[in-house]
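Heads up, the thing below is written out as structure tokens.
The values are calculated or read from the model by the stated rules, or taken from the named source; none is laboratory data. None of the values given here were measured: they were computed from a predicted structure. Because the Cβ atoms are built from the backbone with ideal geometry, glycine has one as well, and the counts that use them run over all protein chains shown.
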Amino acid sequence: MRRSRALRAAAAVGLTAAVVLVASAGAADAAPHKPVWLCRPGLPKNPCAGSLETGIFSPGETLASTFTPPANPDPPVDCFYIYPTVSAETSLLSDLKIQSAETDVARYQAAYYQSVCKIYAPMYHSVTNVGAPQQEAMTPAVQAEQYDGVLDAWKYFLKHYSHGRPFVLIGHSQGAFVLRKLIAQQIDPNPTLRKRMLSAILAGGAVVVKQGSLIGGSFKHIPGCTSTSELGCVVSWSSFLGTPPVGADWGDNTHSPTDGVGPVPAGDAILCTNPAALSGGSGVLESVFPVSFPPGNGVDIPPAEVPGQAGSTPFFEYNDSYTAQCSQSNGNNFLDVTPINGAQPLTSTGVLAPLWGLHPLDANIALGNMVSLVASETTAYLAQGG
């Protein structure tokens with residue numbers, strides 16, 4: 001597989017991915033509070049660590065091989081990860097107690113990066129599943145409590161752990177929204193931090209750019225990525241299986257409140273960067289899912305991967321099964337996902353379908369591609385003497 005070769009090459013120059021999930025416990029100030037860490041190197045219970053053995057399946061669900069990304073105990077890059085809306089608490093915002101919802105999503109979305117970077121992830125006062133539909137309750141004070149915790153964690157990370165190392169920002173949905181604001185306020189205007197940022201991976205994150213451009217809108221200095229060796233850029237997409245329906249909640253170029261942007265200014269659009277082909281056109285997705293992926297998300301676990309059976313591995317991937325390209329239709333800029341070679345279509349189920357497209361799968365649909373991206377960007381950064 002291409003990814004296998006890329007990661008082995010990365011290992012040869014001393015890379016490893018570790019995702020950072022950082023949760024913050026307090027408001028932003030000159031002396032940031034000590035975060036509650038969901039993931040951090042050295043934690044005794046770290047959901048971003050563990051076996052990455054992956055069953056590689058053909059489009060027809062035949063187990064072809066297994067693959068384990070090469071390990072590196074001391075990678076030269078940090079990953080700062082913010083998780084999406086997952087909390088089942090009944091309040092508008094979650095507390096900072098680590099629960100199964102947070103540990104599970106860290107395992108699903110972030111753990112696979114441990115082969116290329118050190119992972120830091122904080123708990124933060126995230127909007128809960130109950131709070132998400134209550135847009136009228138999202139007062140400036142509530143929004144500040146959500147964002148300031150992540151900002152506080154970011155400052156603590158820079159002061160106590162980063163030590164001038166290059167970093168990658170990773171988020172999905174709510175996590176991407178919060179990171180988009182953090183980038184705009186803390187990194188985009190700061191040339192020193194921009195030089196250290198390899199990329200920002202904001203799946204389902206609604207980055208805004210000028211129509212026909214890869215920059216403008218959300219950020220003044222940080223463009224959409226166009227190659228796997230480009231540094232200081234952003235990758236962002238919202239995926240659908242074919243054309244989104246009218247009124248779809250993601251990638252809407254006019255008004256996309258679900259994306260956390262509200263009305264998109266005239267002359268602006270939602271950025272789509274194809275994670276499978278950053279330079280444009282179509283590319284093959286390297287979709288990686290954990291065996292414990294939540295049922296009902298439209299991904300069937302291959303028969304040989306059912307827990308307890310002999311072929312079971314912690315992760316599975318369908319090889320050469322899906323392609324993707326950025327498209328425009330019904331006022332949306334979106335990632336159009338197409339099954340190939342007889343693969344079963346990925347689907348999104350439940351009350352949010354079909355207007356949400358493949359949103360619940362965004363982070364995993366190109367997980368292998370993004371891990372390879374971090375590896376190749378690290379190689380480029382080290383080559384320039386960074």
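Could you tell me which numbered condition ASP152 fails, if it satisfies all but one of (1) farther than 23 Å from CYS233 by Cβ; (2) part of a strand (DSSP E or B)? Condition not satisfied by ASP152: (2). Each residue in segment 65-79 was checked for being in a strand (DSSP E or B) and over 20 Å from PHE293 (Cβ atoms), and 3 pass.
Restricted to segment 29-43, and to residues there that are over 16 Å from ARG107 (Cα atoms) and among the charged types (D, E, K, R), the residue that is modelled with the highest pLDDT is LYS34.
One residue stands out among those in segment 347-360 that are surrounded by fewer than 24 Cβ atoms within 10 Å (Cβ to Cβ) and among the aliphatic types (A, V, I, L, M): the one that is modelled with the lowest pLDDT, which is VAL351. Can you work out which of the residues in segment 44-89 that are within 22 Å of the chain's Cα centre (by Cα), among the aliphatic types (A, V, I, L, M) and modelled with pLDDT of 90 or more is surrounded by the fewest Cβ atoms within 10 Å (Cβ to Cβ)? Only one residue tops the list, namely ALA88. SER65 fulfils the conditions (1) free of Cβ contacts under 8 Å to residues at least 24 places away in the same chain; (2) more than 25 Å from VAL374 (Cα to Cα) except for a single criterion, (2).
Which one of TYR161, TYR124 is aromatic (Phe, Trp, Tyr), at pLDDT 95 or above and more than 20 Å from PRO84 (Cβ to Cβ)? So that I can check it myself, show each step before the final result.
On the way: TYR124 fails: more than 20 Å from PRO84 (Cβ to Cβ).
Answer to the check: TYR161.
For every residue, the table says whether it meets (1) buried (at least 24 other Cβ atoms within 10 Å of the Cβ); (2) closer than 22 Å to ASP362 by Cα; (3) in contact (Cβ under 8 Å) with a residue 60 or more places away in the chain.
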position: MET123; (1), (2), (3): yes, yes, yes
position: SER126; (1), (2), (3): yes, yes, no
position: GLN134; (1), (2), (3): no, no, no
position: PHE157; (1), (2), (3): no, no, yes
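Looking at segment 175-249, the strands (runs of 3 or more DSSP E) lying wholly inside it that each contain 3 or more residues that are buried (at least 23 other Cβ atoms within 10 Å of the Cβ) sit at 197-203, 233-237.
Counting just the residues of segment 140-155 that are among the aliphatic types (A, V, I, L, M) and either out of contact with any strand residue (DSSP E or B) (no Cβ under 9 Å at 6 or more places or on another chain) or at pLDDT below 95 (or both), which one comes out surrounded by the most Cβ atoms within 10 Å (Cβ to Cβ)?
Once the filter is applied, the top-ranked residue is LEU151.
Taking segment 268-386 as the region of interest, the strands (runs of 3 or more DSSP E) fully inside it that hold 3 or more residues being of a type in the set (A, V, I, L, M, F, W, C) are 332-339. With respect to ASN333, is the statement that it is surrounded by 15 or more Cβ atoms within 10 Å (Cβ to Cβ), touching a residue at least 24 places away in the same chain (Cβ under 8 Å) and in contact with a Lys or Arg (Cβ under 8 Å, 6 or more places away or on another chain) true? Here the answer is no, as ASN333 does not meet what is asked.
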